[in-house]
Amino acid sequence: MSRDTKTNLLRPESESGWVDVLSDAFANQGFAQLQEFLAEEEARGQTVYPPSEDIFSAMNLTPWEKVRVVILGQDPYHGPGQANGLSFSVAKGVPLPPSLRNIYKELADDLQLGIPESGDLRGWAEQGVLLLNATLTVRAHEAGSHQKKGWETFTDEVIDRLNDHPRRLVFILWGSYARKKAAVINRERHVVIESAHPSPLSAYRGFFGSKPFSQTNTQLQEWGEEEVQWGTHRPPSKQTQAELF
């Protein structure tokens with residue numbers, strides 16, 4: 001990530017293409033105020049997740065021109081070592097959070113694939129799956145602490161630009177927070193797949209059995225795109241099955 005040390009501004013890597021696409025969003029006063037807020041958090045000694053170099057990982061790993069699928073989350077994880085800048089993803093070696101555990105359950109059932117060994121979803125991102133949180137930072141141990149500080153306005157701009165993406169996209173929206181964004185997505189060009197959130201509180205109310213992964217791949221095939229390789233083809237071990245299910 002590029003950082004201007006004089007103004008403390010953060011940006012995605014220039015080669016990702018997002019800086020040019022979002023030039024107006026980066027230049028507006030609201031984003032400047034967001035940067036000031038993050039600088040104040042640092043000055044107060046607050047621990048913020050993910051680390052600054054990972055804040056724009058979703059865009060760095062999924063350049064603008066390569067976006068094919070968008071999975072929208074809410075906040076980064078707020079525990080130590082968890083957040084890596086990708087929605088629902090955790091750093092390699094970190095135990096699976098409950099929502100990601102349920103995502104993997106649905107993945108295994110939907111595509112009859114083996115269980116991924118890691119909760120790090122960079123493999124998805126590198127295939128064109130933009131794993132975007134509505135809020136890109138959070139204070140340690142305080143869920144939602146960076147909401148309504150400017151990130152939502154910024155990520156709304158991201159979705160607005162994606163509406164005009166040269167490629168037709170699949171948007172996967174899990175839960176009421178993400179599904180509110182459906183109203184601003186151009187369904188004449190793009191496809192929206194919606195369901196309940198994978199959280200243990202709601203997964204049994206419509207997430208399990210929703211088959212978002214196979215639906216996405218079917219749509220990509222219809223458009224002449226390659227399928228996303230969502231998981232491994234290695235059959236899950238009995239131990240892995242027991243841990244996950």
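Structural remarks
- Highest-fluctuation residue, Pro76, Pro212, Pro166 considered, GNM on the chain with Cα pairs under 10 Å: Pro166
- Theoretical FRET efficiency, 1/(1+(r/R0)^6), r = Cβ-Cβ of Ala140 and Asn163, R0 45 Å, to 0.05: 0.85
- Using a Gaussian network model of the chain in which every pair of alpha carbons under 10 angstrom is joined by a spring, one finds that among Val67, Val94, Val184 the greatest mean-square fluctuation is at Val184.
- The residues of the chain present an accessible area of 48 Å² per residue when probed at 1.4 Å with all protein chains retained.
- Cβ-placed point charges (K, R +1; D, E -1), dipole of segment 92-212 about Cα centre in debye, nearest 20: 180
- Segment Glu65..Gln33, full-extension length gain: 8.7 nm, with 0.36 nm per residue of separation and the alpha-carbon distance subtracted.
- Straight-distance crosslink candidates among aspartates and glutamates, where the alpha carbon sits under 13 Å from Lys92 and sequence neighbours closer than 8 are dropped: Glu117, Asp120
- Take 13-20, 59-66 and order them by the average number of nearby Cβ atoms within 10 Å per residue, most first; the result is 59-66, 13-20.
- Basic side chains Lys and Arg get +1 at the Cβ, acidic Asp and Glu get -1 at the Cβ, and with that the dipole of the chain about its Cα centre reaches some 600 debye.
- Rolling a 1.4 angstrom probe over segment 27-155 with all protein chains present gives an accessible area of which 47% lies on carbon and sulfur atoms.
- Between the C-alpha center of segment 175-208 and that of segment 90-150 there is a gap of 15 Å.
- Annotation: peptides 43-50, 31-38, 193-200, 82-89, ranked by per-residue average of other Cβ atoms within 10 Å with the highest first, follow the order 82-89, 193-200, 31-38, 43-50.
- Over 22 Å between alpha carbons, listed pairs Lys66/Lys149; Lys149/Lys181; Lys66/Lys180: Lys66/Lys149; Lys66/Lys180
- Solvent-accessible area of Tyr104 with every protein chain in place, 1.4 Å probe, in Å² to the nearest 10: 0
- When the charge dipole of the chain is built from unit charges on Cβ atoms (+1 for Lys and Arg, -1 for Asp and Glu) and taken about the Cα centre, the candidate among Trp151, Ala125, Leu111 whose Cα reaches farthest toward its positive end is Leu111.
The values are calculated or read from the model by the stated rules, or taken from the named source; none is laboratory data. It should be emphasised that the depicted structure is a prediction, and the values quoted were computed from it without experimental measurement. Heads up, the Cβs are rebuilt from the backbone with ideal geometry, glycines too, and the neighbour counts pull from every protein chain shown. All accessible areas refer to the heavy atoms of the entire protein, side chains included, with ligands and DNA or RNA removed. Shrake-Rupley method; radii C 1.70, N 1.55, O 1.52, S 1.80 Å.
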